[in-house]
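K.L.:
Quick one: the structure is below, and I'll ask about it shortly.
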Amino acid sequence: MGSRVVLMVALLCVVLPALIDAGRPMSRPFRLQGRVYCDTCRAGFETSATTYIPRAKVRVECKDKEQKLVYSKEGTTDATGTYHILVNEDHGEETCDVMLVSSPMGDCMTADPGRERARVVLTSHNGIVSNTRFANAMGFMKDDIMSGCTTLLQSLMEEED
């Protein structure tokens with residue numbers, strides 16, 4: 001009898017409110033923000049020669065534990081290569097990634113392996129007060145290395161020593 005009461009209290013106080021909350025759109029949606037760049041030196045990371053891509057397309061996807069897609073939304077970068085995607089639902093029980101879709105730059109359309117997606121946390125149940133979520137920058141690689149890159153990369157290596 002006692003275990004039934006505990007189970008009922010747990011159901012009413014924990015599970016039921018979580019289910020109700022999960023089904024409702026949020027009053028303050030998450031504002032997912034990140035940048036898309038063109039790796040002009042094919043360095044695998046952002047450098048001082050990096051340019052940011054306006055009108056690049058990205059997509060945020062959230063998958064459940066069985067890797068079934070439960071949420072997807074696309075966005076486009078502005079003139080500074082920055083995207084802002086509003087997400088109206090909490091995805092605390094899911095794994096969410098933002099990924100590159102396409103680049104409008106004809107000579108910079110190959111996604112940089114390892115920099116083509118970024119993991120994001122889209123839940124308000126983690127202690128973060130702000131509704132803005134930042135994703136790591138993602139990049140495409142230029143077909144041909146820009147002039148001056150050899151000197152730039154050598155100077156970066158000298159700074160490490």
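K.L.:
Quick check on Ser147: is it modelled with pLDDT of 95 or more and closer than 20 Å to Tyr37 by Cβ?
P.N.:
Details: modelled with pLDDT of 95 or more: no; closer than 20 Å to Tyr37 by Cβ: yes.
It is false that Ser147 is modelled with pLDDT of 95 or more and closer than 20 Å to Tyr37 by Cβ.
K.L.:
Based on this model, can you work out whether Ser102 counts as out of contact with any Ser or Thr (no Cβ under 9 Å at 6 or more places or on another chain) and at pLDDT below 95?
P.N.:
Working: out of contact with any Ser or Thr (no Cβ under 9 Å at 6 or more places or on another chain): yes; at pLDDT below 95: no.
Spelling it out, it is not the case that Ser102 is out of contact with any Ser or Thr (no Cβ under 9 Å at 6 or more places or on another chain) and at pLDDT below 95.
K.L.:
Further question on the same structure: State which residue pairs qualify: first residue under 30 Å from Ile145 (Cβ atoms) and inside the range 43-70, second residue surrounded by fewer than 18 Cβ atoms within 10 Å (Cβ to Cβ) and of a type in the set (Asp, Glu) in any location, beta carbons under 8 Å apart, and separation of 6 or more residues or different chains.
P.N.:
Qualifying pairs under 8 Å: Pro54/Asp78; Lys57/Glu74; Val58/Glu74; Arg59/Glu74.
K.L.:
Every residue in the range 107-161 that is part of a loop (DSSP other than H, G, I, E, B), within 16 Å of the chain's Cα centre (by Cα), touching a residue at least 12 places away in the same chain (Cβ under 8 Å) and over 30 Å from Arg28 (Cα atoms), please.
P.N.:
Listed by number, the residues that qualify are Asp112, Gly114.
K.L.:
Looking at (1) loosely packed, with under 15 Cβ neighbours inside 10 Å; (2) of a type outside the set (D, E, K, R); (3) closer than 14 Å to Val60 by Cα, find the lone condition where Pro104 falls short.
P.N.:
Of (1) loosely packed, with under 15 Cβ neighbours inside 10 Å; (2) of a type outside the set (D, E, K, R); (3) closer than 14 Å to Val60 by Cα, only one is false for Pro104: (3).
K.L.:
Say we look at the range 43-66 and pick out the residues that are touching a helix residue (DSSP H, G or I) at 6+ places or on another chain (Cβ under 8 Å) and surrounded by fewer than 18 Cβ atoms within 10 Å (Cβ to Cβ); which of these is nearest to Glu94 (Cα to Cα)? I'd like the intermediate steps shown before the answer.
P.N.:
Step one: of the range 43-66, the residues touching a helix residue (DSSP H, G or I) at 6+ places or on another chain (Cβ under 8 Å) are 43, 47-49.
Still in the list and also surrounded by fewer than 18 Cβ atoms within 10 Å (Cβ to Cβ): 47-48.
Numbers: Thr47: 33, Ser48: 36 Å.
Going through the qualifying residues, I end up with Thr47.
K.L.:
Tell me which residues, restricted to the range 120-141, are within 14 Å of Gly81 (Cβ to Cβ), buried (at least 17 other Cβ atoms within 10 Å of the Cβ) and of a type outside the set (A, V, I, L, M).
P.N.:
Selection gives Gly139, Phe140.
The values are calculated or read from the model by the stated rules, or taken from the named source; none is laboratory data. In this text, all values refer to a predicted model and were calculated from it rather than measured experimentally. Every residue, glycine among them, receives a Cβ derived from its backbone with ideal geometry; neighbour counts consider all protein chains shown.
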